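K.L.:
Okay, handing you the structure first.
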Amino acid sequence: MAKIAWIGLGNMGGPMTANLVGAGHEVVGYDLDEGAKAAAEAHGVRIAASTADAVADADAVFTSLPKGAHVRQVFEGDGGVWANAPKTALLMDCSTVDVETSRYCHEHSAELGFRFVDAPVSGGISGAAAGTLTFMLGGADADVAEARGYVEPMAGNIFAVGGPTMGIAAKLANNMMLFISLLAASEGSQLAASMGLDAKTFWDIARVSSGDSWAMRTWYPVPGIVDSSAANHDFDATFSTLLAQKDVSLALAAGDGAGLHLPAAHLALDQFEQLIEEGYGGKDCSLIVKYASADGTVAGFEPDPAPATAE
Ligand code: NAD
C-alpha cells in the first residue's frame, strides 16, 4: 500500500480520502480549514502540519482545490509541493482549473523532474462518497497508467483521455454541456407548467423522450419530482452557483480563445452571474429556473428577504 499526500480536504477531497483509507493506503492530508481537517481525521487521514510536511516521503500527491490560483499556490514556493515532495512522487490534480494552469503544472513539473497528471472528476459529492466518480486523466501514457491504480478506489469510471491537459479539456467541455442542458430543463419545466401539464406526468414523458438529459434526471428544478433535486430543499446547493459560474467561465475562456461561437454557454453564464449579483451564489445553480418563470417566483423557493450582496 502507498503513502498518499492529499492537499484540499473539502467537500470532494474529504470523502475521496475516506475511500483511499478504506482501500488500505496511508493518507496524510492538509487543509487550511480546521473543520475539514477534523472531518478527514475522523475517517482515518493523518493530518500534517503543512503542505510541505504532508508531501515529504509521499509516493503520490493529490490536490483538490477550489481554483487554479490555489493550485499554483500549493505547488509553488518554499513550502509547496515542488520544493518538498520526492521527485519519484506522482502528482495528480483533481481540481477543476483553467487549461493554462493545468499546462503550467505539467510543464513546470517536467522541468523539475516530476511526473504530473491532470485528473479532474465528475459525479459530485455523492459520487465522491460512494467511490463512483468519473476520472478524466491527462498526461504521458505511463504516468496515466500509474495514476489509474491510485484513483481506482474512488472511481466508477476511469478514462485515459490523452496527453497533458486532455483530462481537464474533457471536464470543461462536459460541464459546459451540463449547464446548457440545465437551462433547457429549467425552461421546459416552466413551459410545461404554464400549459397546464402535471409536473410529474411531463417529467415521466420527457425522461423517455427526446428532452431527456442528466440535468433533467438529477436536478429537475421542480419540488417533489426527483429526490436529488435542490428544489426539494429551498434550492440549498448540491452544486453551487459560484462553482457553476466558474466552470462555464473556464469553458468559455477556452472556447473564446479558439474563436468559437458559444451563445448558449454565454446565456447560462449570464444567468449564473445574475444569481450571484442577487446574492444567491451559494444557492444551487438550478435556481436559474426563476428566470424562466413569468414573475420570477418558483415553486420550492422562498426568497431570502436580505440575500448576501455580491462581492
Ligand atoms: P471545497 O471548497 O469544498 O474544498 C477545497 C478545499 O481546499 C477547502 O477545504 C479549502 O480550505 C482548501 N484549500 C484552499 N486553499 C488551500 C491551500 N492553500 N492549502 C490547503 N488547502 C487549501 O471544494 P470542493 O467542492 O471539494 O471542490 C474541489 C475541486 O473539485 C474544485 O476545483 C471543484 O470545482 C471540483 N469539483 C467539485 C465538485 C462538487 O460537486 N463539489 C464536482 C466535481 C469537481
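The values are calculated or read from the model by the stated rules, or taken from the named source; none is laboratory data. What you see is a predicted model, and the numbers here were worked out from it, not measured in a lab. Methodologically, a virtual Cβ is constructed for each residue, glycine included, from the backbone with ideal geometry; neighbour enumeration extends over all protein chains shown. Note: accessible area is taken over every heavy atom of the protein model, side chains too, but ligands, DNA and RNA are not part of it. Shrake-Rupley method; radii C 1.70, N 1.55, O 1.52, S 1.80 Å.
K.L.:
For the range 130-140, name all the residues that are open to solvent by 20 Å² or more (accessible area, probe 1.4 Å) and within 11 Å of the ligand (Cβ to nearest atom). Step through it out loud before you land on a result.
P.N.:
Step one: list which residues in the range 130-140 are open to solvent by 20 Å² or more (accessible area, probe 1.4 Å), which gives 130, 132, 134, 140.
Answer for the range 130-140, where residues must be open to solvent by 20 Å² or more (accessible area, probe 1.4 Å) and within 11 Å of the ligand (Cβ to nearest atom): just 134.
K.L.:
Let me ask something else. Determine if the range 72-79 includes at least one residue that is of a type in the set (Lys, Arg) and within 13 Å of the ligand (Cβ to nearest atom).
P.N.:
First, pick out the residues of the range 72-79 that are of a type in the set (Lys, Arg): 72.
With within 13 Å of the ligand (Cβ to nearest atom) added as a condition, the list becomes 72.
Within the range 72-79 (the criterion being of a type in the set (Lys, Arg) and within 13 Å of the ligand (Cβ to nearest atom)), the answer is yes, since at least one residue qualifies.
K.L.:
Taking the condition open to solvent by 40 Å² or more (accessible area, probe 1.4 Å), touching a residue at least 24 places away in the same chain (Cβ under 8 Å), under 20 Å from residue 158 (Cα atoms) and near the ligand (Cβ under 9 Å from one of its atoms), does residue 16 pass? Even if it seems obvious, please write down each step before you answer.
P.N.:
On the way: open to solvent by 40 Å² or more (accessible area, probe 1.4 Å): no; touching a residue at least 24 places away in the same chain (Cβ under 8 Å): yes; under 20 Å from residue 158 (Cα atoms): yes; near the ligand (Cβ under 9 Å from one of its atoms): yes.
Here the answer is no, as residue 16 does not meet what is asked.
K.L.:
Identify the single condition in (1) open to solvent by 40 Å² or more (accessible area, probe 1.4 Å); (2) in contact (Cβ under 8 Å) with a residue 60 or more places away in the chain; (3) touching a Ser or Thr at 6+ places or on another chain (Cβ under 7 Å) that residue 156 does not satisfy, given that it satisfies every other one.
P.N.:
All conditions pass for residue 156, except number (2).
K.L.:
Tell me which residues, restricted to the range 53-63, are under 13 Å from residue 30 (Cβ atoms) and either out of contact with any Asp or Glu (no Cβ under 8 Å at 6 or more places or on another chain) or modelled with pLDDT under 95 (or both).
P.N.:
Taking the range 53-63 first, the residues under 13 Å from residue 30 (Cβ atoms) are 53-56, 58, 61-63.
53, 54, 55, 56, 58, 61, listed by residue number.
K.L.:
Where residues in the range 232-260 are away from the ligand (no atom under 16 Å from the Cβ) and over 23 Å from residue 218 (Cα atoms), which of them is surrounded by the most Cβ atoms within 10 Å (Cβ to Cβ)? Spell out how you get there, then give the answer.
P.N.:
Filtering the range 232-260 down to residues away from the ligand (no atom under 16 Å from the Cβ) leaves 232, 234, 255-260.
Within this subset, residues satisfying the condition of being over 23 Å from residue 218 (Cα atoms) are 255-260.
On the way: 255: 17, 256: 13, 257: 10, 258: 8, 259: 6, 260: 11.
Top of the filtered list is 255.
K.L.:
Here's a follow-up. Show the residue pairs meeting these rules: Cβ distance below 6 Å; 6+ apart or different chains; first residue within the range 102-129 and free of Cβ contacts under 8 Å to residues at least 40 places away in the same chain; second residue among the aromatic types (Phe, Trp, Tyr) and open to solvent by less than 40 Å² (accessible area, probe 1.4 Å).
P.N.:
Correct list of pairs: 105/116; 109/116; 112/82.
K.L.:
Let me ask another. In this structure, is residue 55 over 29 Å from residue 215 (Cα atoms) and either under 19 Å from the mean Cα position of the chain (by Cα) or surrounded by 24 or more Cβ atoms within 10 Å (Cβ to Cβ) (or both)? Don't jump to the end; show me each part of the working.
P.N.:
On the way: over 29 Å from residue 215 (Cα atoms): yes; either under 19 Å from the mean Cα position of the chain (by Cα) or surrounded by 24 or more Cβ atoms within 10 Å (Cβ to Cβ) (or both): yes.
Spelling it out, residue 55 is indeed over 29 Å from residue 215 (Cα atoms) and either under 19 Å from the mean Cα position of the chain (by Cα) or surrounded by 24 or more Cβ atoms within 10 Å (Cβ to Cβ) (or both).
K.L.:
Show the residue pairs that are 6+ apart or on different chains and have beta-carbon atoms under 8 Å apart, the first residue being within the range 23-46 and at positive phi, the second being open to solvent by 80 Å² or more (accessible area, probe 1.4 Å).
P.N.:
24/1
K.L.:
Shifting gears a bit: Residues to consider are 221, 263; find the one that is away from the ligand (no atom under 16 Å from the Cβ), in contact (Cβ under 8 Å) with a residue 12 or more places away in the chain and either open to solvent by 50 Å² or more (accessible area, probe 1.4 Å) or farther than 30 Å from residue 147 by Cα (or both).
P.N.:
Details: 263 fails: in contact (Cβ under 8 Å) with a residue 12 or more places away in the chain.
Just a single option satisfies the conditions, and that option is 221.
K.L.:
Looking at the range 81-123, which of its residues are within 12 Å of the ligand (Cβ to nearest atom) and in contact with a Lys or Arg (Cβ under 9 Å, 6 or more places away or on another chain)? First the steps, then the outcome.
P.N.:
Within the range 81-123, the subset within 12 Å of the ligand (Cβ to nearest atom) is 81, 93-98, 101-102, 118-123.
Hits for the range 81-123 are 95, 96, 97, 98, 101, 118, 120, 121, 122.
K.L.:
Sticking with this one: Can you tell me which residues in the range 19-31 are within 11 Å of the ligand (Cβ to nearest atom) and open to solvent by less than 10 Å² (accessible area, probe 1.4 Å)? Reasoning before the result, please.
P.N.:
Here is the first cut: in the range 19-31, the residues within 11 Å of the ligand (Cβ to nearest atom) are 29-31.
Residue satisfying the conditions is 29 alone.
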